[in-house]
Structures are given as C-alpha cells and as structure tokens.
Amino acid sequence: MRSLRSRRGWGIGAVVAAGVSGVLIVQSASGGGADSVADDGKPVSGPIASEEYAATLKVAADGGSATLAKRDTKPFSMLGVTWSDPSAGLAGKVEVRTREAGTGTWSSWLELGADSGPGEEGATRAGTEPAWVGASDGVEVRVDGKESAELPEGLRVDMIDPGTGATSDLEPAGYVAAAGTESPDATVTPDETESASPTETDSASAPASASPTESASASPGTSEAPSSAPVTTEPERTSAPATPDASASTGPTAPPSTAPKPPITSRAGWGADESMSPDAPDYLAGGIKAAVVHHTAETNDYTCDQSPAMIRAIYTYHVKTNGWKDIGYNFLVDKCGTIFEGRKGGVDKPVFGAHAYGFNSQTTGISVLGNYSLVEPPTEVLTSVARLAAWKLGQYGVDPGPTATTTLTAGAAGTSQYNRRTWKTGDQLSFPTIHGHGDGYATECPGTKLHAQLATIRSHAAGPVAGLSLKSVTGAGTSGARTYTKSGTTVSWSATTPAELIAKYEVLVDGKVTATTAGTATSAKANLALGTHSVSVRATHISGRTTTTAAATVVAETTPPTFATAPNLALRAGTVETTAVPVTLKWKATDSAALKEVRLTAPVAKTYGPTIVSADLTSRSGAATTWSMTAYDQAGNTGAASVAGTPVILQETSATRTGTWTTKSSTGYLGGKSYSSSAKKASLTWTFTGRSAALAVSRASTSGQVNVFVDGVKVATVDLKSATTKYRDAIWTKNWSASARHTVKIVVVGTSGRPAVTTDGLVYLR
C-alpha cells in the first residue's frame, strides 16, 4: 500500500499593511501562501478566488514586432500573451521574462507556445499557451512576427494570481508524489499593472452568454474500435451548444467501464471558483471515441503542491482571459501522477471539452502539467494517463491498445504536426484511440518526448501486463529444469508494467489458483502436496486481460538423501607433519530426487558438489578426529554420516631391525632423526593395529630401493630416488576395509650405484 501525502493548494496570498513606501505584499515566492484557517485552526476548504491583470504591448510602426518594457506588476504566477481576434493566429515568436518576487532576480527569456489553435465559440480573445512562472512581481515581453505576416491586433500580456487556500488531499494515481519545497517570500510590489476590465479596449470581455452555433451539420461516423454501445459521430463544433436550462441539466447516465476508475481530485479539491463559469456543461452526443493527450507547455520546475494553483491559473486564463465557458481540458495530470478533474460535468460522463480544435465533439482531453518537449515524462505521468484513458475509453467499449484506431469526423479543416497530413471539414480520419494533440492539429503538443511515449501509454492502458517473468521459487533448489522443495515455497516474479495498472497476481499450481495478491506484490507463498507440479504466475491487467508466465516444474518431496558409501578415511601420499598427516576422505551420497551438495562440517567446513566423492585433507597426529558430513538434496532435506580416525606416527626406533642401520640427525626428519642403510637385505619391521599404513622416507637423487612386505607377503618394490631432496615423504600406502593387526617390513634392495635408503618411520591410522 503506498503512502499518501497531504498536499495543499498554492497561490498568491497577500497581507496588506500601511507604510510610507506604499503597499506591502507578502506572498510565497513559489506561488503560494498560508492556507485559510477557521477559528479552530483547521484548514478551510472551498472555492479559491483568482485575479487577472493585463498590460498592453507596444506594437512597432511596421506592425511586425511588439514589446512591453520591464515593469513592476501586482503579484502573479502565470501569464500568457493574448490578442483581440479569437479566430486569428500569431505567426512568430513570443517571449517573456519575469522577476521573481522577493529576490528581484529576472528569469531567462521563455518562449510561449502560440500554436494551440482556436478555443471554443464565444471566446473573446485568442492567445498563447499560458506559462506558470511562480510568484512574480515584474514582467517584460517581446514579440517578433514573421516577415510575411502582421501581428494580430490588441496584443497584451495577461497575468494571473491563482489565489490561495486549503485544498483536498491529493492522491497520485501513478506512484507517490515527490515532496515539494517552498521558496523564499516575496517583496514589495507597486501596484502599477493594468487590470483587465471588460470596458477597456485591450482587456478580456466577460464570457459570452449567447448560445454558439455549430460550425458544421451532423453526419454519421463509425469508430473502428469495438464498442459496447452505439456510437454516432457528428462534425466537430468549436464549442458545445449552450444548455438552455443549466440548473436542470444532469447530463447522460454514466456508463460502467471495463477498467477501474483511478483516484481523481475533484474541482473542489483544487479550489475551483464555480461562480466564474456558471454555464452548465455540455455532453458529447456520441460518447467518447478517443483520448487526446496534451501538455500545458509550461515549466517543469514546479512542486506538485503547486499543481492546484497552476490549474486554477489555467482555469482563469481560459475563462476570464480567453472568454471560454470553462477550463478547456477534461482532465489534468501533474508530474507526480495526480489526476485532476478539469471541465465540469462529471468525471464519469462524456463532457464536451475545448482542447482539440476540429475533434472536440468526439474526444476527451487529458493534459499533463509541464513542457514535454524539454524533458522525458516521468513514469508517474505515463501510468496515470494510461489508467485514466483506459477507464474513460472503457466506458464506451473503445480499445486503447497499441494498434487500435478510431474514425473521427473533422469539424474543421486542418493539418497535423506529427505526420503532416491535411484534411478538410467533414473528412473521415483514422486516429489511434489514444493520440496526441499534434496528431490532429499543427502543434507540437503534447511535446515530442511525451508524444514518443504514447505507444507505451497505449500498452499500459490496454494490457496485458508486459515483461512478466517467474524469477524464482525460493526455499528450494533448482536442478536442470526442475525446482525442488519440501512443501512450503515462495514464488517470486517481476513485470515491467507499473503496479498501478495491475489488478492482481495469482499463483497457479497445476492450473489452479493457490494464492492471490495485489498488483503491487512481487512474491507469494504456496504449499505443495508431495509430487511433481506445474507452477506459474498469472497477472491480471486493470483491463481484465491476463498474462501467464512459463510454468516451472516443481517437485515437492521429503525423503532425505543417504550415504550409499559411508564416509571412510585413509592415509595418502604426501609430506607428513606431526600436525598434518595426509589423509583422504571418501564418500558417496545419493538422493531419490536430486542431490544438491555434501558439506563437511567437522573438523573443518567445506562444501562439495553432488558428483564429488573424495577429498584430500590432513589430520593431526595422535588426535582422535571425527569427520562429520551432511548431504543436502535440492528440496532441503538432509542426511548425516561420519567417520573417526587417529593417525599415529611410528618412528624408525620402534621397528625391529636386521642388518646394519645408521642413525642420522636433521631437523628435516620426523623427531629430528632417521635410520639409513646401504646393506643389502637390511630390514625394519613394524607391528600395529589399524586400517591404513604409509611408509615415510627421505629421498634424494642417490637414494635406492626397498621391498615392502605386508603380513609376510611382498607387495611392492619402492624406489626412493628423487630429482629433488625430500623429507618425511609418505611414498607408499596400504589400506584395509577394517582395522586389524598387521606387520609391515621393508628390506633394502642394495641397488647398484645407489644402495642407500633412509627411512623416517611408519604412519598408521587407527
């Protein structure tokens, strides 16, 4: 469960105090101030009033450029450049820069998008996209027109203070919102800005109250996407017809959707002042056939706590400045993934918006706060837009998928930005059911980087869950294509589709559901009956489409491994030390299912693979040592066994001698001394009780040979010659299956030219 963070609306808050220098305006430089509070100290929620100011631009004599010199203003956080003729366009570059309240710092020049297209019928002004600049108290504007076109009349810069107040808690639909930060307070701002007044020639008029007319007659159209209800298409109107009786209009019944509704912050949640747009909403006669994705072309440098204030400013710009009946977008999404209700009328109804000129009567508009020609859209944005589009299109049986298309009837002639196709009014055009504004108009909206992610949004919206894979079955081991467990196991998986778009996961054992988890989970526990099973994970997308991983074969078994050959110990060749006698440990472990490993746990810890059956080790002379081993199978079952042994060194002085033997001294010999003889048939005999024996000698290039007799029988002739000098070398060994009394006798051969042999005793294992 993701945590939610309370986020308050931001806007311009003012405290006015008398002073010799004029009016003091105290405000948050991030575009917000203190929340309104009641006597009990709790935030007051309700409509938040905004203010609008305007300043006329000075047009050059040739009509090709216009400017507004640096000037002080009343506090504002959003601005746009507008002109008198709502049907006119502006061919050229519009740039603004602003002074940050409280610091006196001027920003860099910011270019405003002038390609958003006409608004809705009844509009009183046209303009650029508005830009959020944060709390400001100064402005400068420059407009450079193209050589072949004159600038439209009535150019002015409109500045908006979105107001301040408490708003509802905001829940991101795609992940958790990032924490915002506040900026320093602003400073003194003289009141020198022109106020936009309906009576002034350069100001915005009040929204028109007369009913606009349709721009074209109705004609049928057909959606190419599947539909659960009849959908008719009429030619586009640039605005919806006014509802005669606004108070009685309730709109169409909201149809159910094939996808769940994401969290949506209401208009009240972002502090909409409903008195500003009193007209009743209008609805699409044929339902929704496509979702159009936009961006607001503003700054990306905002905290998500500021989102409500940004939306209030856009609302004010659309209504008060442009003269629209309401905010143009049906929905807005901030960079933290919070979804906001836009145009009034009910989020679950087909509200007629003003966002996609020529195609408003057949689509819903989703606008992302920010400029996505500059930055990549966050995952939260892609997730929330996909969830919202899936839900809205799902109400009308429209497939939001990557290949799904719909046919829209053009309500106005136009040209698209992204594929440069051109059409005339009444043309039937095929569009993806989720497409960008620039696919149906000559605008870069929703930004090149967001437009490039529309395919991802479509896949997210339609499902099924992508990138689903079974990662592991933990608490068990894997051998080849099979996984083994005793019974209880944890199944883990991963997917590339964001968790917010996943309804649930299910663990399937032999095709039957044994565990169900939320879409945010990445593992689940399951208990298996003894035997071999097929285990997989099924993911259900919010659309209801499912994806199932490849099945893993899992064997549940509880039979422990056994030692078919019990561990046994024997002496081996090598250098003998009193603290390290060379020994070999042998064993053979088996399992009814799959052996994983064998671990030596004492007197040292070592791990051996399932095919290893022996190990060369060393043991302390004269010390009884138990060698403990545990076999593990892939399911985690274990079997144990051990063997004990004591290596004993019998020095040459303990042997029965015949012939001539000479004592030699050296630190290289066991005990510092040894016997040497060159006399043919000279012998040494040791008697002991044990199960393994090894002859220790010293060796050199002049060393001779000895015959070895065991229990009176000759078993070997051993040559002691060595290119390098060696001491305490166990050169010959003999092993028995059980401990018993034995004699070992060595006899000097008297090899020609090198008859001498030097013995360093006998080692046996008891």
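Among the candidates L429, L408, single out the residue that is modelled with pLDDT of 95 or more and out of contact with any helix residue (DSSP H, G or I) (no Cβ under 6 Å at 6 or more places or on another chain). After applying the criteria, what remains is L429.
For the stretch 422-460, taking the residues that are touching a strand residue (DSSP E or B) at 6+ places or on another chain (Cβ under 7 Å) and charged (D, E, K, R), the one that is nearest to T363 (Cα to Cα) is identified as D439. For residues that are among the hydrophobic types (A, V, I, L, M, F, W, C), out of contact with any Leu (no Cβ under 8 Å at 6 or more places or on another chain) and within 30 Å of A593 (Cβ to Cβ), scanning just the stretch 634-679, find the one that is least open to solvent (accessible area, probe 1.4 Å). Among those that are among the hydrophobic types (A, V, I, L, M, F, W, C), out of contact with any Leu (no Cβ under 8 Å at 6 or more places or on another chain) and within 30 Å of A593 (Cβ to Cβ), it is A635. Restricted to the stretch 266-294, and to residues there that are more than 30 Å from S430 (Cα to Cα) and of a type in the set (D, E), the residue that is surrounded by the fewest Cβ atoms within 10 Å (Cβ to Cβ) is E274. In the stretch 578-617, of all residues being open to solvent by less than 50 Å² (accessible area, probe 1.4 Å) and assigned to a loop (DSSP other than H, G, I, E, B), the one that is nearest to K734 (Cα to Cα) corresponds to G609.
Only a single criterion out of (1) surrounded by 15 or more Cβ atoms within 10 Å (Cβ to Cβ); (2) at pLDDT 85 or above; (3) within 19 Å of H295 (Cβ to Cβ) is not satisfied by E111, namely (1).
Taking the listed residues T540, T547, T559, T532, the one that is part of a strand (DSSP E or B) and farther than 28 Å from P256 by Cα is T532, with no other qualifying. Cβ separations smaller than 6 Å between residues 6+ apart or across chains give the following pairs from the stretch 723-748 residues that are touching a residue at least 60 places away in the same chain (Cβ under 8 Å) to residues that are open to solvent by 60 Å² or more (accessible area, probe 1.4 Å) and polar (S, T, N, Q): R728/T575. Restricting A297, A313, A309 to residues that are buried (at least 24 other Cβ atoms within 10 Å of the Cβ), in a loop (DSSP other than H, G, I, E, B) and either touching a residue at least 40 places away in the same chain (Cβ under 8 Å) or touching a Lys or Arg at 6+ places or on another chain (Cβ under 7 Å) (or both) narrows the list to A297. Scanning the stretch 474-531 for residues that are over 30 Å from S384 (Cβ atoms), loosely packed, with under 15 Cβ neighbours inside 10 Å and among the hydroxyl-bearing types (S, T, Y) yields one hit, T474. Annotation note: Cβ proximity below 6 Å between a residue of the stretch 252-276 that is farther than 24 Å from P308 by Cα and at pLDDT below 95 and a residue that is open to solvent by less than 40 Å² (accessible area, probe 1.4 Å) and in a loop (DSSP other than H, G, I, E, B) (sequence gap 6+ or interchain) occurs for no pair. Considering the stretch 43-73, and only residues there that are assigned to a strand (DSSP E or B), under 23 Å from E153 (Cα atoms) and among the charged types (D, E, K, R), the residue that is least open to solvent (accessible area, probe 1.4 Å) turns out to be E52.
Of the residues examined, K325 is not one that is surrounded by fewer than 24 Cβ atoms within 10 Å (Cβ to Cβ), in contact (Cβ under 8 Å) with a residue 24 or more places away in the chain, of a type in the set (K, R) and part of a loop (DSSP other than H, G, I, E, B). Screening the stretch 74-96 for residues that are in contact with a Gly (Cβ under 7 Å, 6 or more places away or on another chain) and buried (at least 24 other Cβ atoms within 10 Å of the Cβ) and picking the one that is farthest from V141 (Cα to Cα) gives S77. Where strands (runs of 3 or more DSSP E) fall entirely within the stretch 355-458, those with at least 3 residues that are hydroxyl-bearing (S, T, Y) and touching a Ser or Thr at 6+ places or on another chain (Cβ under 7 Å) are at 405-409.
Does T496 count as more than 17 Å from the chain's Cα centre (by Cα) and within 30 Å of V381 (Cβ to Cβ)? Criteria not met by T496. For F709, the requirement of being more than 22 Å from K586 (Cα to Cα) and open to solvent by 10 Å² or more (accessible area, probe 1.4 Å) is met.
Restricting to strands (runs of 3 or more DSSP E) lying wholly in the stretch 628-690: which have 1 or more residues that are closer than 22 Å to K586 by Cβ? Ranges flagged: 638-645, 647-650.
Only a single item in (1) within 24 Å of T128 (Cα to Cα); (2) touching a strand residue (DSSP E or B) at 6+ places or on another chain (Cβ under 8 Å); (3) open to solvent by 10 Å² or more (accessible area, probe 1.4 Å) is not met by N419, and it is number (2). Condition test on T724, is it at negative phi and not in a strand (DSSP E or B)? Taking the combined requirement at face value, the residue satisfies it.
The values are calculated or read from the model by the stated rules, or taken from the named source; none is laboratory data. Being a predicted model, the structure only gives us computed values, none of them experimental. Glycine gets a Cβ as well: all are built from the backbone with ideal geometry, and neighbour counts include every protein chain shown. Ligands, DNA and RNA are stripped out before the accessible areas are found, and what is left, the full protein with its side chains, is counted by its heavy atoms. Shrake-Rupley method; radii C 1.70, N 1.55, O 1.52, S 1.80 Å.
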